[in-house]
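In what follows, a single structure is set out as structure tokens and then discussed.
The values are calculated or read from the model by the stated rules, or taken from the named source; none is laboratory data. Values in this document were obtained by computation on a predicted structure and should not be read as measured data. FYI the Cβ positions are ideal-geometry reconstructions off the backbone, even for glycines, and counts take in every protein chain you see. Ligands, DNA and RNA are stripped out before the accessible areas are found, and what is left, the full protein with its side chains, is counted by its heavy atoms. Shrake-Rupley method; radii C 1.70, N 1.55, O 1.52, S 1.80 Å.
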Amino acid sequence: MGGLTAGNGGTAKGHGGRPSVADGGGSAAERGDQKGKASTAKSALPLEVGTRVMCRWRDGKYHPVKVIERRRSGASEAGDYEYYVHYTEFNRRLDEWVNLEHLDLDSVEADVDDKVDDKATSLKMTRNMKRKIEETHVEGHEELDPNSLREHEEFTKVKNIATIELGRYEIETWYFSPFPPEYSDCSKLYFCEFCLNFMKRKEQLQRHMKKCDLKHPPGDEIYRSGTLSMFEESCSSPYNGSVVDNTSYELSKKEGKVGTPERPLSDLGSVSYKGYWTRVLLDILKKHKGNISIKELSDMTAIRADDVLSTLQGLELIQYRKGQHAICADPKVLDRHIKAAGRGGLEVDVSKLIWTPYKEQG
């Protein structure tokens, strides 16, 4: 994320076009007003947990946030703080630590009761956006009662690991992860890309790599094409998702069973799977001559019948006639949906898939 950029003459502006209190122009009255605002802003420091303020995000614009936690900056002798903020318009995965330079202190508001919507946020957020954010907080924890859910959210509210390094890649994390307590002071972890052990420091990983005798990730190699290989640990789970969507359904076909992702789907998991279902079903409907049933589509694709039905309903390709669901595949409508769906991800060469279905032991 970029910092403030200073122009000639001591003028500093954030990327969002908000002038800082360091602007040197204007009349004496204006400069006096700016000094007054600067004094007021500084008096609010350090910001308390629960404070609402505008924060410059990676798009260069200012968005409303709520301070979730704060900590002293490690290199600072002046007692400066970093703040862990939640962007109230966005999913929790975008929560992050920010420096003071990213915050517009003129917009600081005192702690607001969570039951009372912040006016600025309310103006920018639709009811649907708020519902999605609330659902995301509960998603995957439906078994928890309200008190347990609050305890869980309090414990996991701050991401403990910001990034991981895996081979050539540095990956940003999205949520809290329950690592052992001795890793609580680490913002970055280093993973062995073969055995998946993790270390605190790069030097530890380098020493480990000299001793690690694995040359591929855990599990059996089930696919190799060009520079891509896929590995799977043998298991009897009926769920797809251990490998990319396309491959997981090809495995289900070889097994002679329908597959489905593990529920509940995350928001991004929903986008991924529904996109795959949409492209596969539209392709079949476009090429198929004559009538076809939900069950036939399920048998052909290994997609669960409920998922087939919900996907086609979302595309408005289903009508209910005489107590039964009927697929209405008008060619022009199909073409429009196919264009909107776009191309999928990696295509799997089924001939290079080497896999034997798991069989239950008697």
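Here are some notes:
- Computed in the context of the full set of protein chains, the accessible area of the stretch 183-309 at 1.4 Å probe radius has 49% of its extent on carbon or sulfur.
- Only protein heavy atoms count here; under a 1.4 Å probe, PHE155 has an accessible surface of about 150 Å².
- Rounded to the nearest 10 Å², the accessible area of ASP213 at probe 1.4 Å: 130
- Accessible area expressed per residue, the stretch 216-333, with surrounding protein chains retained (probe 1.4 Å, Å²): 58
- Sites VAL158 and ARG321 - FRET efficiency at Förster radius 51 Å, r taken between beta-carbons, to 0.05: 0.45
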